[in-house]
Each structure stands twice: as structure tokens, then as C-alpha cells.
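One structure is given below, encoded as C-alpha cells.
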Amino acid sequence: MTASSIEQLKSHGSAGLLAAALALSACIGNLGSEDGTSPEEGTNGASGSSSSGGSGSGSAGPGKPLTCDASTIDPGPSPMRLLSREQYLNTVRDLIGDVPGLDAALGPAIEASAFGLLQPDVTQVELEHFQAAADVIAAAVAGNPAALDRIAPCEAGAEPSECARQLVVGFGARAYRAPITDAADIERHLQLFDAGAETSYEHGVELLLRGMLQSPRFLYRVEIGTSEKVSDRAVKLSPYEVAARLSYMLWGTLPDARLNEAIDDGSLTTKEGVAAQLDWMLEDERGQKLVHRFLGSWTHLNGLNSVVKDADAFPEWQSRSFRESLRGQADAFFDHVLDDEGGKLSALLTSTTVFYNKDLGGYYGVTGDDSFQALKRTDGATSGILTLPALLAVQAKPAESSPIYRGKFVREALLCQQLPAPPANIPKPPEVDPSSSTRERLSQHEVDPSCVGCHQLLDPIGFGFEHYDALGRYRELDGGEPVDASGKIIATRDMNGDFEGVAELGERLAGSAEVEECVARQWFRFAIARFEQDMDGCSMESLLATFKAAGQDLNALPRAVVETDAFLYRRALDAHTKEMP
């Protein structure tokens, strides 16, 4: 950082700080993939707009069978991953504490996928939100003597620049998830402090924190790897990088004191050592909900509050309490499957246990209170997640059910099949008519040559859900006629044929090897934050074998993924990408 850039900071405030923050990213590598390209030019990134796992790039393509080349270890690409909103907030909380106004400073919450879609470039608006958030955090520390003493203590008589140096080295190691050891790097940070310290020690700390919290080393999860090769295509991660992979996968935040002890004592240098850390991290309160979070993302429930329903047809949807009850019901069901039904995939897809409270008792002809109660149904109208009202409401239109959406969910989320993009000239869908059924309104798809190619994959599966309306309530009539819930599956490895209703569909899905493999793929995408590709054959084979050996216990997925090459290693960086210009 030059003297002129310091002067620019003084005159332009936060606007100049962003450039300074980028200067603090020296020695971390290019802001793209491991070969120095941008995310679009290189490999898959971390997040996107859909959690179905239905699209993405890579030579293999989602759903394509992968083979394991056991002659070499290739962990695949390890692109830099921007912290999600939740990870950002958790990280700041664990670094600083609660910061009033931080959530608002980050701007509107946009639900991003946890399932490996290409991470887009950070927009100018997002940069401004990160800048505003850094300003709020730094001001909260500098303006609070107790917080300042905790984050950047400086005893009376001590040299302020030395106190700032300790802040850079100590706080920086936690914020960047790696030690800061390069003398020139430390001096670059201290120039920010010096610029503010001309006014006061507090202002110097504020300016320094504002810069550090806008640095790519804070906003991204940066990995360089070590010089220790395990194959021509792979090197070991540093213990700091392994710790960050564990903590952000399991907890969504930075490593804590105990995990840092494992860094120091060498526990993270072997596969066995990594697995040992996994055990206590899963037992931690932050880790107990890991698989639960996966299920919520996989079933698209994180987008429930953004779903719009017709106010005249479904006035109850306008009640926040009702929508919260739908999500609470789903959460109670996930806990039931994971804790009481052995985490079995079959239970997730076929369980007849539902949960209800005062808002949802009407779904099942019972009366509830404020808490959720379990009810075992015997009427054949319940089949695990397939009949969760929250999922069915998400996979429906504002005023009617949607066999298309529901069939697409099965294809993409449960079978990992990649569907072709719809044509550009899609005709306007027919208006909702109380005198005709949804099935009747979609009958044109069966005869229109421009429709039948795709819709034969979607509609016949979705028709099996037609006993459930746009809020997931069971119904016997649609358009004044008895519901026809007969369906058909084609283009699968082991499920083709006719079926009647969701319960029969659930049994077929639960017995499918294709679904079993898809669960492993979806977990890989969730945990590794990218799509599987050709070189991931061995990692996928290992993950799937562990899942099978555990009897399809979803609780076994965390251990299954940390034993893979994709988690334990990375490809080596080219020499020219190890330092930013």
C-alpha cells in the first residue's frame, strides 16, 4: 500500500477502504479457481439459486455415472468459496460478539443454494453491503470500551502500534482462518492503523478492522494447500485449512479453541485424526443439526417464506404463524427420522408419522395446541417428505397444485437427473378453472409435440401427488371430480412403471438404487460445495459405500464425506497463482 493510497483513505473514507482491503489479500492466490481463471471460466463454485442439484457444469454432468480410477488421487477442483450470509453472521458473532444493525447492513437476505451451483461474481451492490457491514462492525468495536478492550487491548503506557500489531497477528489469524507470518503483510495492515491513529487509537483500530473485514481473506474461504504431495494431482491441506473445512461444513463458522488445539498438536494431519475431530464436533450443539440443515436445503424448504399464494384461495397463507408452523412441522419430522427412526432413507420417504399443532390440526382432522404432537396415520395418505405440506406448498403454484413442479422435484432432487431447459416459446398456461381438474388442464402436454418430450418425464410423476392441493392438504375432489392420482415413471434405472398415489411412489423411491446414489451425490454437493465431476469417481464410490454399509443411515453422511479425497486434499496451485499482483 502506497503513501498516496493512504491519503486516499483519509479523503474518501470507506470508498478507499475497499481498495485497501484488496491490498490486504496479498499472498493468497487469484480470486478464482486454482488455475487462476474466474469462476465462470474454471470450475464450479459454491452457491446458486436452486438447491435441487439439477444443473451445473463439469465434464461429468449431474447424474452421470462416475468411475473410480484407483491409480491416482485426484480431489478435483477447490475454488475459493464466498461465505454465505449465515456463515458471515456466525463468523462475526464468534469473532466480535453480537453487533446491532449488522443484519440490516448486509442488505436483503437472498436465499442461496448449498448445493454446488456456480458461484456468481460478487456484484457492486454486494460489495457495498460488505463495506457497510464492515463499517458497522468496526464502529461497534471502536465505540464500545469493553469490546475494544476485548478485541484490541492496549495497556496504559503501551505503544499503540505494538498493540495494533498484536491485533493483526492474533485477531487476523482467527478472521483469516490462517496465521499471518509475513512481515510485509503485517506492515500493510499496520499502515491502515497508522492512518487512523493520527486521530486516536480507537479510530486506528476502527480503520484497521474495516479493512480486514473487507479483505478477500475474510470474505472467502481461501485454501493454498501445502507442498506435501500425495499424488501428481493432489497435495495435503494445511491443518488450518482442514480445520476450516470441518468447522464451516459442520458448524457454519470458524474453528473454535478446541479445534485450534487440534491444529497445534498435529491431530489434523492424518485421515484418522480428522475423523476423530468429527465425532466431538457432531456432538457439539452446533453440529447436531448438520444433517437436519441438509434435509431442509435438499427439500427446498429454506425458500418457504418467499412462496406466494393467492390470498383469496388460501387466506391462511398470509398468516406468518401458519407458515412458521409448516416449517416447524417439517423440522419436527426431520428430527423424528434422524433420532427416532435410525436416520433411515426409507423412513424419510415412507414414514406415516406426521406432526401437528393448533395451526395444522385441521390437515389431519384433529385439534392441536401450541406444541407439536406426533400422529401415526393409517389411511395411506402419508409418505414421509413426499407429503410434507411445506414441501408440497413450495412445489405448487399460487392458486393450484403443480404436477410439473412436483415431478421436476422428484427427477432433480431425488433422482439427480438433469432435465433439458424449457423451450423459449412456452405457451401461457391455462387459467385455473374450478370446473376442471389440474390433470385436465395439463392434458395438452400429451399431444403437443413441443411439450411432450419434457412433460412425459414430469407430469406423470407429478399426477401421483394430485390428492394434495397447493397447501399440501389432502383432497378427494379436484374440479368437482374424484382425484385421479395414477402416475407413471419412465427413464430410470430401476423404477419404471405405473404407480397409484404418493404412498406407492414413496415405496418405489425407497427401494431404488438410483435414489440411494442420488442422496450420496446431493450430500457431496452440500458438503463439498460443488458438483461431482469425472475425477470424483473414487470420492463418490467411497461416500456411497459408507452410506450403504451404514444401512442408508443419513446420520452416517458426515463421516462418509470427510474420508474422501475431495475433502482431505486439494490440487496444487501453480506457482504464478500463489501471490496476487
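The values are calculated or read from the model by the stated rules, or taken from the named source; none is laboratory data. Since we're looking at a predicted model, the values are computed, not measured. Using ideal geometry, Cβ is built from the backbone for each residue, glycine included, and neighbour counts are taken over all protein chains shown. Note: accessible area is taken over every heavy atom of the protein model, side chains too, but ligands, DNA and RNA are not part of it. Shrake-Rupley method; radii C 1.70, N 1.55, O 1.52, S 1.80 Å.
Some observations on this one:
- Candidate lysines - alpha carbon under 17 Å from Lys236, same-chain residues fewer than 8 apart omitted: Lys271, Lys578
- Across the accessible surface of the stretch 241-382, with the other protein chains kept in place and a 1.4 Å probe, carbon and sulfur atoms take up 46 percent.
- Approximating the spin labels as points 7 Å out from Cα along Cα→Cβ, the Ile186-to-Glu155 distance works out to 1.9 nm.
- Apportionment of accessible area to carbon and sulfur, the stretch 512-552, percent (1.4 Å): 53
- Largest-first ordering by accessible area, 1.4 Å probe, given options Val394, Val432, Val410: Val432, Val394, Val410
- Accessible surface of the stretch 82-221, 1.4 Å probe, proportion on carbon and sulfur as whole %: 54
- Per-peptide average of other Cβ atoms within 10 Å, ordering 254-263, 149-158 highest first: 254-263, 149-158
- Equivalent ellipsoid semi-axes - Cα gyration tensor, the stretch 237-283, angstrom: 14, 11, 10
- Between Gln124 and Thr72, the distance separating the two model label sites (each 7 Å from Cα on the Cα→Cβ line) works out to 4.3 nm.
- Cut-off under 5 Å, modelled amide H: who pairs with Arg81 long-range: Arg221
- Taken one residue at a time, the phi angles of the stretch 518-534 give Karplus couplings (6.51, -1.76, 1.60, θ = phi - 60°) of 5, 4, 4, 5, 5, 5, 4, 4, 5, 7, 8, 6, 7, 6, 5, 9, 3 Hz. Gly and Pro are set to x.
- Radius, Kirkwood style, for the stretch 265-367 when every pair of distinct Cα atoms is counted (Å): 16.4
- Ile96 accessible area, assembled protein chains, probe 1.4 Å, Å²: 10
- Ranked by how many other beta carbons lie within 10 Å on average, peptides 135-145, 199-209 from highest: 199-209, 135-145
- Over 28 Å between alpha carbons, listed pairs Lys397/Lys488; Lys344/Lys408; Lys309/Lys548; Lys397/Lys548: Lys309/Lys548; Lys397/Lys548
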